[in-house]
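To start, the structure itself, in C-alpha cells.
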Amino acid sequence: MTALLSAAIAALAAGTVAAIPRATLRAAVPLQLAGAALLAAAAIAVVARGEPVGAAFGDGLGPSLGLDGLSAFFLAVVALAALPALLVARDALRDAPLARPLTALTGLFVLGLAGVLAARDALTFLAFWELMTLVPASAILVARRDPPVRNAVFVYLAITHVGGAGVWLAVLTLAHEGVLGGGATLSGGLQALVVAAAIVGFGTKAGLAPLHAWLPRAHPVAPAHVSALMSGVMIKVALYGLIRVLFEWCAPVPLWAGLALLALGLVSALAGVLYALVQRELKRLLAFSSIENVGVIAIALGASLVLADAGRPEWAAVAFGAALLHVAAHAAFKTLLFLGAGALTDAVGRLDLDRLGGLLARMPGTGWPLLVGCAAIGGVPVLAGFASEWLTLQSLLHLAFDGPAGVAVAGALAAAGVAASAALALFCFVKVAGLVLLGAPRTEAAAAAVDRPAATRAALAALAGACLVLGLAPGALLPELAALAPGALAPPSGVAVELPGTGALPPVGLLVALAIVAGGVLALTGGRGRAAAAPAWLCGQREEPALQWTSAGFTKTLRLVLESVLRPEREVTVEARGGVVASVAHRAEVPHLFDTVLYGPLWRGAQRAAAVARRLQSGSLRGYLAYLAALVVALLALVRIGVLG
C-alpha cells in the first residue's frame, strides 16, 4: 500500500513538473490523471482494509506522512473529484496561451490537498495548509488579471489568513501540549481556546457564515476546474481538520461546541441558499450553494457532538456518518456543476442566467449530466444528497424528541432549518435547470452553442453516474463512515439504510416506485396526439427572447415575502420625450447583508485605523527614538506592578 501511495505522489509530482517545459506539456495531464487514479485506489483500499499505513500522528516537527480511515476517506473524495477535473482541464487548456502555468498549478493544488490529509505532524500539516490556500489564488491571477479579480483574490487571502490564524493556534497548541501523539489531553480553558480557534480557523476556510465572504468572490472568478476543486473538495479538507480537532484531539468537547456548530451550520445553510436563489450568474449561484451545503454538513457534525454529550452514541454515529456521506455527495454534484458551468462558458461565453436557455437540446452531452446534477443538489430521491439530508434530519429529530429541553429546542430549530434549506435548494435548481437548459435560446450565442469534446462529456457523465450510485446505495457506505466516529453503531451493510427505532430508507424501492409512476403517466398520455405547434399569444407583442421568464421573475414572490431580510434595492429610470415615455430602465439588486452590515464597517474601521497608524510613520529619527523610549517605559511599568514577571 505504501508503494502504491508513493507511486501516486510521484506521478502527480512528475505531471506538475512536466507542465513547465513546453516540450513535455502534452505528457503532464496524463501523468496527473495516473497519479490521481492511483491515489484514489490506494485511499479506497485503506478505507476498505481499516488499517492505517505510514506514520502515526506525532508531536514532533519532523516531516511525517500516513493515512488512517478518516484521512483516507477524504483523500479518496479528493482524488475521485480530481480525475474529472483534470480531464476537463485538458480540453479547456489545450489551446490556451497560459496552459503551462495553469496545468502545473492544478497538479500542485491536488498535491497540496493530499498533503494536508496525509500530514502526521504539525509542521507538515501547516505547510501543506498554506500551499492549499496560495495555489488556487495563484491560478486565478494567472488566468485573469483585471482589477475586480485581483480584489476578489485579495479578499480571499485576507479573510482566510486572518481566520487561518486559528488553525495555527490550534495545531501548534495541540503539538506543544503533546496531544497530537496521544500522550496528553486538554481540559478547561486551554481546551476551550483550542476548540474556539479551530472552529474559527477551519470554519473560515470551509466557508461557514459569517466567515464566508471570500467564497462567493473567489470561486466564480477561478478557472472552471479550479473552481470545481475549491468548492468540491478544498472546503471539505477544512472540515477534515475541524473533525480531527473536535472529534479526536479535544474529545470529548464541551456541549457549547456542538451547539455552536449547529448554530453556524443553520445560519450558513439558510443564508447560503437564500443568496443563491437571488443570483443571476451561474458560478456565483453555485458558490453560495456551497455555503448552504457546508452548513448542512456542519449541522450534522454539531448534532453528532450534542448527541454524544447526551449519551446517545448510536445516533451520534449516524449523524457523523450523514456528515461524511454529504461530503461525498456534495463533492460529486458540485464538481459536476462547476465543470458543467465551465463547459457552458466555453460554448456560450457568459453565464448570466437571463442570457442562456435551450442548451439541453444543443449540448445534450453536457446538458443531461447538468440536469442530473441539478436534481441531485436539489435533494431529489435516489440521487446523491437525498440520503445524507434524510439521515441528518432523522438525527436532529431524535435530538429534538429525546434531548434535554434546551438541546431539544436547538435540535428542532436545526431540523426546521435543514428542511427549509432543502426545499429552497430544490426551488433554486429548478430555476437553474429551467433558465439554462430548457426553453428557447435567449441570445445568438446560446442558439449557436455546440457540445464539448468527448473527454469533457465523459467526465460529466461519470460524475452524474456517481450521483446516482451514491443515491442508490447509501447503506453500503453508512456503516463504514459511521464507524469512523465515536460510538458503537454498526448499521447492517446493504443498499437500504436501516436505523434503530426509525425504519429504513429503501432507495431501490423508491426508484422502482418512481419508474412505475413515470411509466403510468407516459402510458396515459402517450397515445394522445400532440397539438400542432403555434406561436404563443403575447397580448399583441412580438415574441422576444427577453420576454421569457427571468431569474428575477422566477424568485419575485420569495423576494417579496423576505423583503425585510434580503432588503432588495430597486431603481426605475423613465425617459420621456415630448411628454411621451420613450424608455423605461429597471435595475434591481439584492445586496449581501454580511458585507454591508458586518464586513463593510470592519473594513472602514480598519482603513481609519491604518490612516491613524500612517501618521506615526513620520520619517523622523527623533520620533522613532521617542516611540522606543515610550515602549521601554511602559514595559518597565508593567514589570513594576507585577503584570510581567
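Residue-wise test of (1) within 24 Å of Phe333 (Cβ to Cβ); (2) within 24 Å of the chain's Cα centre (by Cα); (3) surrounded by 23 or more Cβ atoms within 10 Å (Cβ to Cβ).
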position	(1), (2), (3)
Phe386	yes, yes, yes
Phe401	no, no, no
Ala422	yes, yes, no
Val430	yes, yes, no
Gly439	yes, no, no
Ala446	yes, no, yes
Ala454	yes, no, no
Val469	yes, yes, no
Could you list all residues from the stretch 56-68 that are open to solvent by 20 Å² or more (accessible area, probe 1.4 Å) and under 12 Å from Ile44 (Cβ atoms)? none
Looking at Val306, Val273, which is the one that is over 19 Å from Trp214 (Cβ atoms), in a helix (DSSP H, G or I), open to solvent by less than 10 Å² (accessible area, probe 1.4 Å) and touching a helix residue (DSSP H, G or I) at 6+ places or on another chain (Cβ under 7 Å)? Val306
Going through Thr345, Thr335 one at a time, which residue ends up being open to solvent by less than 10 Å² (accessible area, probe 1.4 Å) and polar (S, T, N, Q)? Thr335
All-but-one check, Val574 against (1) of a type in the set (Val, Ile, Thr); (2) surrounded by 10 or more Cβ atoms within 10 Å (Cβ to Cβ); (3) within 30 Å of His212 (Cα to Cα), failing number (3)
Name the residues in the stretch 580-600 that are without any contact (Cβ under 8 Å) to a residue 40 or more places away in the chain, open to solvent by less than 90 Å² (accessible area, probe 1.4 Å) and not in a strand (DSSP E or B), would you? Pro591, Leu593, Thr596, Gly600
With the first residue restricted to the stretch 547-564 and required to be closer than 26 Å to Pro441 by Cβ, and the second required to be surrounded by 13 or more Cβ atoms within 10 Å (Cβ to Cβ) and basic (Lys, Arg), Cβ contacts under 6 Å at 6 or more apart or on different chains are Ser551/Arg280; Phe554/Lys431
Read through the list (1) closer than 22 Å to Ser64 by Cβ; (2) open to solvent by less than 20 Å² (accessible area, probe 1.4 Å); (3) of a type outside the set (D, E, K, R), then give the number of the only condition that Ala137 fails. (1)
Cβ-Cβ distance below 6 Å, separation of 6 or more or different chains: which pairs start in the stretch 254-270 with a residue that is free of Cβ contacts under 8 Å to residues at least 60 places away in the same chain and end on one that is surrounded by 24 or more Cβ atoms within 10 Å (Cβ to Cβ)? Gly258/Gly302; Gly258/Leu305; Gly258/Val306; Val267/Ala209
Boolean, Val200 is closer than 22 Å to Ile291 by Cα, of a type outside the set (Gly, Ala, Ser), modelled with pLDDT of 90 or more and assigned to a helix (DSSP H, G or I): yes
What number of residues in the stretch 244-270 are of a type outside the set (Gly, Ala, Ser), in a helix (DSSP H, G or I) and open to solvent by less than 20 Å² (accessible area, probe 1.4 Å)? 5
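The values are calculated or read from the model by the stated rules, or taken from the named source; none is laboratory data. From a predicted model like this one, the values you see are computed outputs, not experimental measurements. Every residue, glycine as well, gets a Cβ built from its backbone with ideal geometry; the counts of neighbours run over all protein chains shown. Keep in mind that these areas ignore ligands, DNA and RNA; they rest on the heavy atoms of the full protein, side chains included. Shrake-Rupley method; radii C 1.70, N 1.55, O 1.52, S 1.80 Å.
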